[in-house]
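A.B. asks: First the structure, then my questions, so here it is.
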Amino acid sequence: MSQAVVVGGGITGLFCAYYLAREGVSVTLIEEGELGEGSVHAAGLIEPTTFYQINNSKYLRDALSFARRGVLRFKSVNPRWLLSYIRHFGETLSPEDTELLGNMSEYSIAEYRRLGEEDSAWCYTQPGLLELYEEKRSFEAELDSLRARKGWRRVERDGYAGGVIFEDVGVVNTERFAQRMAKELVDSRVRVIHAKAERVNLDGEVEVAGGTLRPERTIVAAGIACRRLGVPITAVGGVGFRLSVEGGRRREERPIIVYERSLALAWFDEWVKITLGLEFGFSPPKPKTDSVLRYTQRFVGQARLIDSKWGFRPCSPDGLPVVGAKDAVVVATGGFRLGWSFAPAIARRAVDLALGRGNNHPRLSRYTRKLHSGTLT
Ligand SMILES: Cc1cc2nc3c(=O)[nH]c(=O)nc-3n(C[C@H](O)[C@H](O)[C@H](O)COP(=O)(O)OP(=O)(O)OC[C@H]3O[C@@H](n4cnc5c(N)ncnc54)[C@H](O)[C@@H]3O)c2cc1C
């Protein structure tokens with residue numbers, strides 16, 4: 001294959017374009033906003049060995065308790081997502097699926113490490129993560145679920161029921177990473193079209209900016225817009241704030257998650273990133289900004305809001321990644337809460353499919369069986 005189009009320049013599409021270019025393919029990347037647009041709001045935690053399988057009673061119980069606390073909100077879901085969710089409810093992952101996700105996680109982390117060692121401008125570090133629990137019950141449940149996992153230790157923290165430090169968690173400065181990736185793509189002669197792709201056909205044709213592109217393969221990494229092509233993806237919104245804390249409190253050694261609030265804080269040289277919000281729906285999420293910023297003062301001291309940006313977690317019915325090909329189109333999505341953590345592995349698999357290396361994986365491609373041509377608008 002010598003020519004490909006990638007639709008969507010969020011973190012998944014950026015990695016797709018990057019891997020295709022490294023394979024010597026002539027790539028056109030279509031992104032309606034800036035490169036990284038759909039993804040830069042994220043905290044940038046690169047979390048290994050976890051994935052949020054959601055179609056089971058444990059996740060549903062957790063979701064309901066988050067909803068009772070006002071942390072998770074249901075506004076609307078894709079009806080096809082809901083049907084699939086119900087149909088596949090109660091599934092367990094087979095040992096092969098667990099191994100697959102473990103391998104994908106290892107691949108992704110190795111890629112972030114490689115990039116971080118190659119050039120500090122990729123802004124990847126591995127400071128670990130401190131996860132704090134406000135309630136004894138959730139802390140004990142977490143300790144219970146961690147029995148089989150290595151690389152963590154329990155810590156005390158005033159005002160919290162407990163905390164756990166995970167040494168193997170990394171973090172990227174998402175804004176800087178997207179900028180570094182944009183440079184890489186320009187240097188690799190990737191052509192970038194800043195416009196909305198209007199239609200994708202299964203023969204790979206893409207209608208954009210009043211014209212039609214006819215590459216040999218098209219990878220659609222358009223996040224929640226993949227639902228327009230028959231993939232049962234729903235949207236879970238959230239917000240990222242950047243705060244300037246000059247003269248504020250000493251920075252924490254590690255990023256922090258406050259479990260019950262689904263709140264993440266990550267310290268970078270120029271700003272602190274704070275993310276929150278789990279809103280099922282396709283409209284912009286509206287978290288209670290003032291109370292959140294008041295709460296985070298305990299970690300950052302007095303701080304000035306630089307900006308805020310919202311985005312969506314593309315969520316499949318089981319919460320796992322989706323990578324599948326039909327005719328000349330490959331879909332790469334489903335990163336959900338770990339879209340940054342799994343982007344390299346999702347993109348690698350999508351690119352391998354586009355290059356004709358290997359077949360659809362039954363687990364990853366099961367939501368792409370009804371893939372069809374369609375408009376993305
Ligand atoms: C508050 C919050 C915090 C998060 N924190 C983390 C974290 O710490 N770690 C982690 O691993 N994950 C995190 N995530 C999840 C992660 O951000 C997402 O899973 C990830 O952004 C998904 O990437 P994507 O490229 O697949 O999709 P998106 O980011 O949605 O990107 C899709 C891109 O396609 C473009 N697009 C769509 N349609 C078209 C079209 N027709 N034409 C042209 N362009 C189009 C969009 O503009 C967008 O840029 C977080 C998510 C949220 C909401």
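The values are calculated or read from the model by the stated rules, or taken from the named source; none is laboratory data. Please read these numbers as outputs of a predicted model, since none were measured by experiment. Note: ideal-geometry Cβ built from the backbone for every residue, glycine included; neighbour counts use all protein chains shown.
A.B. asks: Please work out which one of (1) crowded, with 24+ Cβ neighbours inside 10 Å; (2) within 30 Å of LEU83 (Cβ to Cβ) is the condition GLY230 fails and give its number.
C.D. replies: Unmet for GLY230, out of (1) crowded, with 24+ Cβ neighbours inside 10 Å; (2) within 30 Å of LEU83 (Cβ to Cβ): (1).
A.B. asks: Output the number of the condition that GLN302 fails; it satisfies all remaining conditions of (1) at pLDDT below 95; (2) within 14 Å of the ligand (Cβ to nearest atom).
C.D. replies: (2)
A.B. asks: Filter segment 29-77 for residues that are more than 17 Å from THR333 (Cβ to Cβ), in contact with a strand residue (DSSP E or B) (Cβ under 8 Å, 6 or more places away or on another chain) and not in a loop (DSSP other than H, G, I, E, B); which is nearest to the ligand (Cβ to nearest atom)?
C.D. replies: Top of the filtered list is LEU45.
A.B. asks: So how many residues does segment 173-215 have that are more than 23 Å from the chain's Cα centre (by Cα), of a type in the set (A, V, I, L, M) and part of a helix (DSSP H, G or I)?
C.D. replies: Final tally of qualifying residues: 1.
A.B. asks: Scan segment 84-93 and give yes if some residue there is acidic (Asp, Glu), farther than 20 Å from GLY311 by Cβ, in contact with a helix residue (DSSP H, G or I) (Cβ under 8 Å, 6 or more places away or on another chain) and in a loop (DSSP other than H, G, I, E, B), otherwise no.
C.D. replies: Within segment 84-93, none of the residues are acidic (Asp, Glu), farther than 20 Å from GLY311 by Cβ, in contact with a helix residue (DSSP H, G or I) (Cβ under 8 Å, 6 or more places away or on another chain) and in a loop (DSSP other than H, G, I, E, B).
A.B. asks: Can you list residue pairs whose Cβ atoms sit under 6 Å apart, with the first residue in segment 256-285 being under 22 Å from GLU167 (Cβ atoms) and of a type in the set (Ser, Thr, Tyr) and the second being more than 13 Å from the ligand (Cβ to nearest atom) and assigned to a strand (DSSP E or B)? Count only pairs 6 or more apart in sequence or on different chains.
C.D. replies: Sorted first by the residue in segment 256-285, then by its partner, the pairs are TYR259/TYR133.
A.B. asks: Something else about it: Which residues, counting only those in segment 237-255, are within 11 Å of the ligand (Cβ to nearest atom) and either more than 16 Å from the chain's Cα centre (by Cα) or surrounded by fewer than 24 Cβ atoms within 10 Å (Cβ to Cβ) (or both)? Break it down into steps so the answer makes sense when it comes.
C.D. replies: Start the filter on segment 237-255 by keeping residues that are within 11 Å of the ligand (Cβ to nearest atom), which leaves 237-241, 255.
Passing the criteria: GLY237, GLY238, VAL239, PHE241, PRO255.
A.B. asks: Let me ask something else. Of all residues in segment 350-377, which are in contact with a Gly (Cβ under 8 Å, 6 or more places away or on another chain), under 21 Å from ARG22 (Cβ atoms) and not hydrophobic (A, V, I, L, M, F, W, C)?
C.D. replies: Answer for segment 350-377, where residues must be in contact with a Gly (Cβ under 8 Å, 6 or more places away or on another chain), under 21 Å from ARG22 (Cβ atoms) and not hydrophobic (A, V, I, L, M, F, W, C): just ASP352.
A.B. asks: Something else about it: Given the criteria small (Gly, Ala, Ser), in a helix (DSSP H, G or I) and more than 8 Å from the ligand (Cβ to nearest atom), does ALA17 qualify?
C.D. replies: yes
A.B. asks: Give the residue that is nearest to PHE299 (Cα to Cα), with candidates limited to residues of segment 137-156 that are of a type in the set (Gly, Ala, Ser) and part of a loop (DSSP other than H, G, I, E, B). Lay out the reasoning, then the answer.
C.D. replies: First, pick out the residues of segment 137-156 that are of a type in the set (Gly, Ala, Ser): 138, 141, 145, 148, 151.
Pick out the ones that are also part of a loop (DSSP other than H, G, I, E, B) and you get 148, 151.
Working: ALA148: 31, GLY151: 24 Å.
The selected residue is GLY151.
A.B. asks: When segment 256-283 is examined, which residues are found to be outside any strand (DSSP E or B) and more than 17 Å from the chain's Cα centre (by Cα)?
C.D. replies: If we filter segment 256-283 for residues that are outside any strand (DSSP E or B), which is where we start, we get 259-262, 268-271, 281-283.
If the condition is that a residue be outside any strand (DSSP E or B) and more than 17 Å from the chain's Cα centre (by Cα), then TYR259, GLU260, ARG261, PHE268, ASP269, GLU270, TRP271, SER283 are the ones that fit.
A.B. asks: Looking at ASP327, ASP318, ASP307 in this structure, which one is away from the ligand (no atom under 11 Å from the Cβ) and surrounded by 16 or more Cβ atoms within 10 Å (Cβ to Cβ)?
C.D. replies: ASP318
A.B. asks: While we're here: With at positive phi and not acidic (Asp, Glu) as the only criterion, which of GLY170, GLY116, GLY159 stands out? Can you show your working first?
C.D. replies: Numbers: GLY170 fails: at positive phi; GLY116 fails: at positive phi.
From the options GLY170, GLY116, GLY159, the qualifying one is GLY159.
A.B. asks: Kindly indicate which of GLY159, GLY163 is part of a loop (DSSP other than H, G, I, E, B) and of a type outside the set (Ser, Thr, Tyr). If you could, list the steps in order and put the result at the bottom.
C.D. replies: Values: GLY163 fails: part of a loop (DSSP other than H, G, I, E, B).
Step by step, each of GLY159, GLY163 is checked, and only GLY159 is part of a loop (DSSP other than H, G, I, E, B) and of a type outside the set (Ser, Thr, Tyr).
A.B. asks: Next up: Is segment 261-270 home to any residue that is of a type outside the set (Phe, Trp, Tyr) and more than 23 Å from PHE177 (Cα to Cα)?
C.D. replies: Looking for residues that are of a type outside the set (Phe, Trp, Tyr) and more than 23 Å from PHE177 (Cα to Cα), one finds at least one in segment 261-270, hence yes.
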